[in-house]
Amino acid sequence: MLPGFNLVLRNIGATLLGLFVGSLFNGALISLNAFVLFPMPAGASMEDPVAFQAYLDTLPTAAFLVVMVAHLGQASLGGWIAARLGSSRPVLLAMIVGSLSLLGGVINMVTIKGPPWFYVELPLYLLVAYTAGNIEAKRRAGLKPPA
C-alpha cells in the first residue's frame, strides 16, 4: 500500500468519526430537549410533521437555544475530533464536518418551521468548525521543534 494512502484513509476515518460523534452529541441534546426539558405531548412524534410542528409552535425561546447549542456543538465537537485525529490539514477536516453539519441545518430549516431569528445559526456552523480546526492547527504548530 502507498504510504500517502494511509494518511488519506486516516483523514477520511477522522472526518467520519467526527461526523458520527458530533451527530451523537446533537441527537443527545435534541432528545434531552424533547423528552426531558420540554417534553412532547402524549401522542406527538417527530415522525409526524403536523404534530411535531404543533409542538414546536408551543416551545419557549429556551428550547430553541438548546437546539442551537446541539447543532453548533455537532459542528464544533465533530470538527475538533476530525481535526485532532486527522493526519494533516486539521482546519480543512473540521470545515468538512462543519459544511456537512451546515447542509443538515439548511435541510432542517427547510423542513421544520422555527422562529425567524433561528436562521442566525447557519453561518455559525462554519465559524465554530473553523475555530475547532484552528485550535488543533495551533496546538500542532506548538508541538513542532524549533528549526
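Under unit Cβ charges (Lys, Arg +1; Asp, Glu -1), what dipole magnitude, rounded to 20 debye, does the chain have relative to its Cα centre? With Lys and Arg at +1 and Asp and Glu at -1, about 860 debye. Comparing Ser45, Ser99, Ser31 in a Gaussian network model of the chain, where Cα atoms under 10 Å apart are tied by springs, the biggest mean-square fluctuation is seen for Ser45.
Per residue of the chain, what 222 nm ellipticity follows from adding -39500 (n - 2.57) for every DSSP H run with n ≥ 4, rounded to the nearest 500?
Values: 5 runs with 108 residues, N = 147.
Helices in the chain give a 222 nm mean residue ellipticity of -25500 deg cm²/dmol.
Split the accessible area of the chain by element, probe 1.4 Å, and carbon with sulfur accounts for 75%. Farthest towards the positive end of the charge dipole of the chain, among the residues Ala141, Leu24, Leu59, is the Cα of Ala141, using unit charges on the Cβ of Lys, Arg, Asp and Glu.
Rounded, prolate or oblate, given the Cα gyration tensor of the range 1-60, with a/c below 1.5 counting as rounded?
Numbers: a/c = 5.23, a/b = 3.59, b/c = 1.46.
It comes out prolate by the Cα gyration axes.
The spacing between the range 121-147 and the range 102-119, judged by their C-alpha centroids, is 26 Å. Net charge of the neighbourhood of Tyr55, taken over other residues with C-beta under 14 Å away and scored Lys/Arg +1, Asp/Glu -1, is -2. Hydrophobic, long helices, defined as DSSP H runs whose alpha-carbon span along the helix axis is 15 Å or greater and whose mean Kyte-Doolittle value is at least -1.0, occur in the chain at 3-32, 61-85, 90-111, 121-143.
Just the accessible area per residue of the chain, please: how many Å² with a 1.4 Å probe? It would help to have the intermediate numbers written out before the result.
On the way: 8470 Å² over 147 residues.
Result: 58 Å² of accessible area for each residue.
Of the options [x] 0.96; [y] 1.09; [z] 1.01, only one is Rg/Rh (Cα atoms, Kirkwood Rh) as computed from these coordinates, and that is [y].
The values are calculated or read from the model by the stated rules, or taken from the named source; none is laboratory data. Because the structure is predicted, anything quoted here is derived from the model rather than measured. Cβ sites come from the backbone with ideal geometry, for glycine too, and all protein chains shown count toward neighbours. These area figures cover heavy atoms from the full protein model, side chains too; ligands, DNA and RNA do not enter into them. Shrake-Rupley method; radii C 1.70, N 1.55, O 1.52, S 1.80 Å.
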